[in-house]
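Down below is the structure, laid out as structure tokens.
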Amino acid sequence: MKESTFRTGFIRKLRLLSPDIFVEFADPSRVNGIPDLIIFYRDKHARIETKRSKNASKRLHQEHYIDLFNSYGVYSTFLTPENEEEVLNELRRYFQI
């Protein structure tokens with residue numbers, strides 16, 4: 001499955017959680033390695049880097065930014081088809097939906 005196809009399906013599932021969820025795409029040309037999805041829900045946001053599989057390679061600085069946002073108290077993770085349900089459940093808890 002292509003990463004973009006997987007990402008689109010995940011965004012659809014997110015929007016089913018609440019009509020108050022908004023998703024933006026980060027501009028990878030501005031900051032190398034920044035997670036590609038920014039998910040807003042009321043007064044919180046989360047950062048998600050999508051990968052087509054758990055074995056897909058990670059680009060330079062991606063792990064750094066995931067760790068950095070987590071250290072700020074912002075939910076941030078890598079999303080793959082293998083952990084999609086887990087990430088959706090964690091987002092429900094994080095956003096308290």
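For segment 46-55, a residue qualifies if it is open to solvent by 20 Å² or more (accessible area, probe 1.4 Å) and assigned to a loop (DSSP other than H, G, I, E, B), and the qualifying residues are Arg52, Ser53, Lys54, Asn55. Applying a threshold of 8 Å to beta carbon distances and a minimum spacing of six or more residues, or different chains, the list of pairs starting in segment 21-34 at a residue that is of a type in the set (Phe, Trp, Tyr) and ending at one that is at pLDDT 90 or above and assigned to a loop (DSSP other than H, G, I, E, B) reads Phe25/Asp36.
If you filter segment 1-37 down to residues that are open to solvent by less than 30 Å² (accessible area, probe 1.4 Å) and in a strand (DSSP E or B), you find that the one that is farthest from Phe69 (Cα to Cα) is Ile21. A Cβ distance below 6 Å, combined with a sequence gap of six or more or placement on separate chains, defines the contacts here; from segment 57-82, residues that are under 17 Å from Arg7 (Cα atoms) and assigned to a strand (DSSP E or B) reach residues that are open to solvent by less than 70 Å² (accessible area, probe 1.4 Å) and among the charged types (D, E, K, R) in the pairs Ser76/Arg47; Phe78/Glu49; Phe78/Lys51. One residue is enough: does segment 60-80 have a residue meeting the conditions more than 15 Å from Phe10 (Cβ to Cβ), open to solvent by 20 Å² or more (accessible area, probe 1.4 Å) and in contact with a His (Cβ under 6 Å, 6 or more places away or on another chain)? No, every residue in segment 60-80 fails to be more than 15 Å from Phe10 (Cβ to Cβ), open to solvent by 20 Å² or more (accessible area, probe 1.4 Å) and in contact with a His (Cβ under 6 Å, 6 or more places away or on another chain). Asp43 passes every criterion in (1) open to solvent by 90 Å² or more (accessible area, probe 1.4 Å); (2) under 19 Å from Glu24 (Cα atoms); (3) touching a Ser or Thr at 6+ places or on another chain (Cβ under 9 Å); (4) not basic (Lys, Arg) apart from (3).
Does Gln96 fit the bill of being modelled with pLDDT of 95 or more and in contact with a Gly (Cβ under 7 Å, 6 or more places away or on another chain)?
no
The values are calculated or read from the model by the stated rules, or taken from the named source; none is laboratory data. On a predicted model such as this, the values are computed, not experimentally measured, just so you know. A quick note on method: Cβ atoms are made from the backbone with ideal geometry, for glycine too, and the neighbour counts reach across all protein chains shown. SASA here: full protein model, heavy atoms, side chains in, ligands and nucleic acids out. Shrake-Rupley method; radii C 1.70, N 1.55, O 1.52, S 1.80 Å.
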